[in-house]
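Contents: one structure, followed by commentary.
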Amino acid sequence: MQIVSVVGARPQFVKLAPIAHAAARAGIDHKIVHTGQHYDPMLSDVFFEQLGIPAPDRHLGVGSGSHGVQTGAMLAKLDEVFTDLQPDWVLTYGDTNSTIAAALSAVKLHFPVAHLEAGLRSFNRAMPEEINRILTDHASDLLLAPTQVAADHLASEGLADKTVIVGDVMTDVLMSEAANLGDTPSPVAEELGFTDGSYSLATIHRAENTDDPTRLAAIVQSLQNLDHPVVLLAHPRTVAKAKDQGLDLSGGSLYLHEPLSYANLLASARRARGVITDSGGLQKEAFLLRVLTTTVRPQTEWVETVELGWNELVEPDGIIQAATREKPQSTDATPYGDGHAADRVVSVLSSSGR
Ligand code: UD1
């Protein structure tokens with residue numbers, strides 16, 4: 001039994017970590033293919049090092065480009081890699097261009113494909129991620145859904161018989177890494193001289209927020225005018241777009257900071273007043289850490305965070321009000337599983353291989 005995981009972008013490395021560990025525990029031959037979609041060390045290498053992920057067996061080095069150029073380069077190279085490796089399962093993660101490339105190449109070569117984090121929907125077809133996840137779900141042979149809501153979406157698209165609810169692997173990695181942190185102070189608070197609970201963390205990188213100059217300027221203005229300090233952990237896409245637009249990503253309450261490693265992100269987020277983001281992963285991480293979240297998007301795939309009161313969806317002009325609200329009632333709800341999703345994934349793949 002050989003499982004070939006295809007990853008390429010930062011959130012996929014986080015999801016890969018518990019799978020790689022579970023595969024090793026089960027004695028499964030697990031190969032890792034890195035497409036090279038993310039190549040900056042702080043978006044890639046640091047996750048492999050800190051989360052104990054084995055070095056990729058293949059690195060495709062595709063780099064950045066338009067959707068077509070980037071996805072096409074991956075397809076051409078993945079065809080060769082899969083033909084060479086002859087996987088029993090190709091495991092594809094999430095909703096990036098690396099996700100759809102892996103699914104499309106594998107299904108056309110008749111290698112079984114499993115989609116991890118299947119069934120998420122924003123119902124916003126303008127998002128590249130929405131197209132990637134819908135097409136990947138429909139191309140895949142096995143749909144590994146993180147939640148009941150995701151499984152319901154798949155059922156409504158006629159995909160119930162391929163669906164298994166396994167829980168969310170991001171819960172696995174968060175639980176184990178948070179346990180390792182102990183009393184570690186917040187790296188961001190220490191560096192910038194803030195006290196615990198006095199600052200917010202922000203990440204903004206979605207194309208729909210960064211590529212429209214008016215919208216990006218409105219987000220930055222709201223962050224600058226917040227009544228408490230906010231540290232923007234800036235993705236290279238955001239830095240590049242702000243530069244093109246002549247926009248300063250600091251000033252007022254806003255502090256510009258490079259991206260953090262996973263452990264430093266958790267250590268900084270758990271002692272923050274709140275999180276302001278458009279990331280899918282961070283919405284969930286903040287919820288799991290019970291940190292107030294403000295999401296700068298019209299929709300979220302992680303609806304449970306909103307329903308339970310910990311996440312509010314806003315337009316740029318709603319950031320200040322939402323980010324200064326009080327914490328909601330505490331909850332012990334566990335919509336994202338019990339921290340053992342990766343073992344379930346490996347077990348399902350092992351029992352349903354060719
Ligand atoms: C991608 C995913 C998005 C995910 C995000 C996580 C798609 C369509 N989008 O968005 O779903 O939330 O990853 O971070 O796959 N860049 C660098 N260094 C890098 C990588 C990118 O400087 O290592 C810059 C380049 O200017 C590049 C831009 O960021 O053009 C965008 O990168 P890209 O991989 O196209 O998408 P992300 O915005 O990272």
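The values are calculated or read from the model by the stated rules, or taken from the named source; none is laboratory data. Every value quoted in this text rests on a predicted model; they were computed, and no experiment measured them. In this analysis, Cβ positions are derived from the backbone assuming ideal geometry, glycine residues included, and neighbour counts consider all displayed protein chains. Accessible surface is based on the protein model in full, side chains and every heavy atom, while ligands, DNA and RNA are left aside. Shrake-Rupley method; radii C 1.70, N 1.55, O 1.52, S 1.80 Å.
Tell me, please, whether a residue that is open to solvent by less than 60 Å² (accessible area, probe 1.4 Å), assigned by TED's automatic domain parsing to the domain that holds Q224, under 22 Å from H153 (Cα atoms) and among the small types (G, A, S) can be found in the stretch 271-280. Yes. Considering A17, A55, A9, A22, the condition of being open to solvent by 60 Å² or more (accessible area, probe 1.4 Å) and modelled with pLDDT of 95 or more is satisfied by A55 alone.
Applying the condition of being small (G, A, S) and free of Cβ contacts under 8 Å to residues at least 60 places away in the same chain to the stretch 226-285 and asking which residue is nearest to the ligand (Cβ to nearest atom) yields A240.
Considering only residues in the stretch 114-137 that are farther than 19 Å from V164 by Cβ, in contact (Cβ under 8 Å) with a residue 60 or more places away in the chain and more than 17 Å from the chain's Cα centre (by Cα), the one that is farthest from the ligand (Cβ to nearest atom) turns out to be F123. Here is a check on your reading of the model: is D40 over 20 Å from the mean Cα position of the chain (by Cα), more than 21 Å from V346 (Cβ to Cβ) and surrounded by fewer than 18 Cβ atoms within 10 Å (Cβ to Cβ)? No, not satisfied.
Mind checking which residues of the stretch 78-95 are within 23 Å of D168 (Cβ to Cβ) and open to solvent by less than 20 Å² (accessible area, probe 1.4 Å)?
As a first pass, look at the stretch 78-95 and keep what is within 23 Å of D168 (Cβ to Cβ): 89-95.
Once the filter is applied, which keeps residues that are within 23 Å of D168 (Cβ to Cβ) and open to solvent by less than 20 Å² (accessible area, probe 1.4 Å), the stretch 78-95 yields W89, V90, L91, T92, Y93, G94.
Answer yes if at least one residue in the stretch 219-229 is surrounded by fewer than 23 Cβ atoms within 10 Å (Cβ to Cβ) and assigned to a helix (DSSP H, G or I), and no otherwise. Checking the stretch 219-229: at least one residue is surrounded by fewer than 23 Cβ atoms within 10 Å (Cβ to Cβ) and assigned to a helix (DSSP H, G or I).
Quick one: would you say F111 is over 20 Å from the mean Cα position of the chain (by Cα) and under 19 Å from V346 (Cα atoms)?
Working: over 20 Å from the mean Cα position of the chain (by Cα): yes; under 19 Å from V346 (Cα atoms): yes.
In short, yes.
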